[in-house]
Amino acid sequence: CEPDILIADEPTTALDVTIQAQILDLMKELQKKLGMAIILITHDLGVVAEMCDDIIVMYAGQISERGTSDDIFYNPKHEYTKGLLKSIPTVQDEKQRLKPIGGNPVDLLNLPDGCPFAPRCENAMKVCLTVNPVELKIEGKHNSRCWMNAREGIENETLTKKQVEEMYHGK
């Protein structure tokens, strides 16, 4: 069997670090040997950083942000992505307190009208609570689905008022 694609859903969950490293090495070896793509579904950002060239961050079943590994880890644009990255412990400061994302996850059977992350977002604006934004191109492969990016785009003149209106109306 020589698949073109391997879909790995939480391949390292509940494994000790030695076995985890062996599994990831095996996946990389197979990828190189067979020339296959890997779709990795995981909540482990350490594994993501080690394995992924391109990343899609999802919240409540929808894409919040997508981009290269560098885009996501060094220039996150969606407030959920920023929250995830702030919640990762660092080796430099052992006494640093983790910053969890506040609030509770939304009920997937009863999603809010606007952005599903808005009830937990520290920077939510009125529009976030009523209108779910479309993906906004940041640069290159980097896209974000966040009204904060539309605001930023207007302020630095990379977005026109017409483009924001189209986002608002879902075009």
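Values for this structure:
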read-out	value
Amide H contacts of Ile38 (H built 1.01 Å from N, under 5 Å, at least 5 apart or other chain)	Leu6
Sites matching trypsin sites (Lys or Arg not before Pro) across the range 2-109 that sit in DSSP coil, with at most 15 neighbouring C-beta atoms within 10 Å	Lys95, Arg97
Compactness of the range 1-155, expressed as Rg and Dmax over alpha-carbon positions, Å	17.4, 53
Unit charges on C-beta of K, R, D, E only; dipole of the chain, Debye	580
Residue-wise HN-Hα coupling along the range 105-118, computed from phi with Karplus coefficients 6.51, -1.76, 1.60 (Hz; x: Gly, Pro)	x, 6, 6, 5, 8, 9, 5, x, 5, x, 5, x, 8, 3
Among Val91, Val134, Val57, residue whose mean-square fluctuation peaks in a GNM of the chain (springs only between Cα atoms under 10 Å)	Val91
For Ile138, distant residues with modelled amide H under 5 Å away	Asn143, Ser144
Length-normalised contact order for the chain - Cα pairs under 8 Å, 6+ apart - percent	16
Using θ = phi - 60° and Karplus 6.51 cos²θ - 1.76 cosθ + 1.60, couplings along the range 4-18 (whole Hz; Gly, Pro as x)	7, 9, 10, 9, 10, 9, 6, x, 10, 4, 6, 9, 6, 4, 5
For the range 56-61, 3J(HN,Hα) per residue [Karplus equation, 6.51 cos²θ - 1.76 cosθ + 1.60, θ = phi - 60°, Hz, x = Gly/Pro]	10, 9, 10, 9, 6, x
Gaussian network model of the chain, Cα within-10 Å springs - most flexible of Ile41, Ile56, Ile72	Ile41
Under DSSP loop assignment and at most 12 Cβ neighbours within 10 Å, longest GluC sites (Glu not before Pro)-free interval of the chain	1-93
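Read-outs throughout are calculated quantities, based only on the coordinates presented, and are distinct from any laboratory measurement. Here the structure is a predicted model, which is why all the values come from computation and not from measurement. Neighbour counts are summed over all protein chains in view; Cβ atoms, including those assigned to glycine, are modelled from backbone coordinates with ideal geometry.
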